[in-house]
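**Q** Can you read through this structure? Questions will come right after.
What follows is calculated from the coordinates using simple rules that are stated; it is not laboratory data. These figures come from a predicted structure and were not determined experimentally.
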Amino acid sequence: MTWKTYHGYREDPYFFQDPGSECFKTVKEWYQLSETFPFANIFARSKSADDQKQRNLSIACSRLRDIIQQNENKIKIINCGLRLFTYCKEAFSKCPYRLLQEGAHFTSTYMGAKLFEVSLEDMIKVLGPDTGVAKHTLKPDLLEKVKDLPTGIVVFYLPPSGIVPAIYSCVYCTDGSVKAYITEDEKNHFRLILGQEPLMTKRELKKLDAMETHRKKKIETAARIALEKLEEEKDSKTSGDDHSVVAEEATEGKEDEVSKEVGQKRWKLSMITI
């Protein structure tokens with residue numbers, strides 16, 4: 001949030017958190033973060049009365065932290081640091097802060113129990129459609145680790161192999177399934193790295209649906225126009241038949257009149273002869 005002043009915009013200040021803050025206790029316990037994790041470099045952009053409900057928690061290096069703290073009223077810093085955690089509701093996760101994908105590679109170096117090394121096959125499964133992957137379809141060693149996990153975010157780690165770099169993916173774990181909790185673009189990026197075909201994004205699916213709807217409308221319109229033309233041709237043919245019938249009746253009537261006149265003239269001639 002920013003405030004507009006006479007000289008422009010005043011940015012939200014940077015509040016570096018106390019390493020002993022309550023919000024760090026649950027985060028440290030859930031992700032099993034080591035003692036070397038730089039909690040002193042974690043900051044938020046808003047001052048909350050409840051330390052447990054900071055919207056985003058980001059991290060900066062020690063030198064950047066010193067620059068910000070010593071020059072808070074001298075320079076304007078629009079944005080800096082790396083976002084690590086964001087606040088979430090209890091229904092989503094047992095931990096009030098979920099790990100963000102953009103900070104997964106950094107945080108994973110300090111994680112313990114919630115970091116799982118996976119095989120290429122399992123990583124490809126998790127990077128599939130958003131429907132999720134049933135836990136029982138994972139390899140036995142991974143299944144044994146994740147089957148009793150409470151609901152929340154964990155990290156799946158695929159070690160580097162050849163030209164394929166290490167991959168860290170945030171995964172949402174529920175009672176019966178797991179799925180990659182990352183954006184569609186990030187998922188397709190990882191799939192391409194692993195030699196897999198990218199999945200169609202929601203934007204592409206929406207575009208295809210619109211094209212299919214447009215195609216169906218064109219077909220329906222063409223069919224309606226063709227049917228109308230057939231009906232018009234049928235009506236014109238029917239009216240033409242009616243005209244021909246009337247003409248025939250008129251011709252027959254004239255023939256009858258001529259025959260009657262001829263008969264009368266013959267009768268008159270016969271009477272004169274007599």
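**Q** Please list the three semi-axes, largest first and in whole Å, of the ellipsoid equivalent to segment 97-232, using sqrt of 5 times the eigenvalues of its alpha carbon gyration tensor.
**A** They are 44, 16, 13 Å, listed largest first.
**Q** Can you give the direction-averaged projected area of the convex hull of the alpha-carbon atoms in segment 78-166, in nm²? Can you show the working numbers first?
**A** Numbers: hull surface 31.2 nm².
The orientation-averaged projected area of the Cα hull of segment 78-166 comes to 7.8 nm².
**Q** If you don't mind, there's one more thing I want to ask. Lys202: which lysines have alpha carbons under 16 Å from its alpha carbon, excluding same-chain residues fewer than 8 sequence positions away?
**A** Once the sequence-local lysines are set aside, what remains near Lys202 is Lys187.
**Q** Now for a different question. Between Lys229 and His105, what length in nm is gained on full extension when 0.36 nm per residue of separation is reduced by their alpha carbon distance?
**A** 38.0 nm
**Q** If you take the C-alpha gyration tensor of segment 73-118, multiply each eigenvalue by 5 and take the square root, what semi-axes do you get, largest first, in whole Å?
**A** Equivalent ellipsoid of segment 73-118: 27, 17, 8 Å, largest first.
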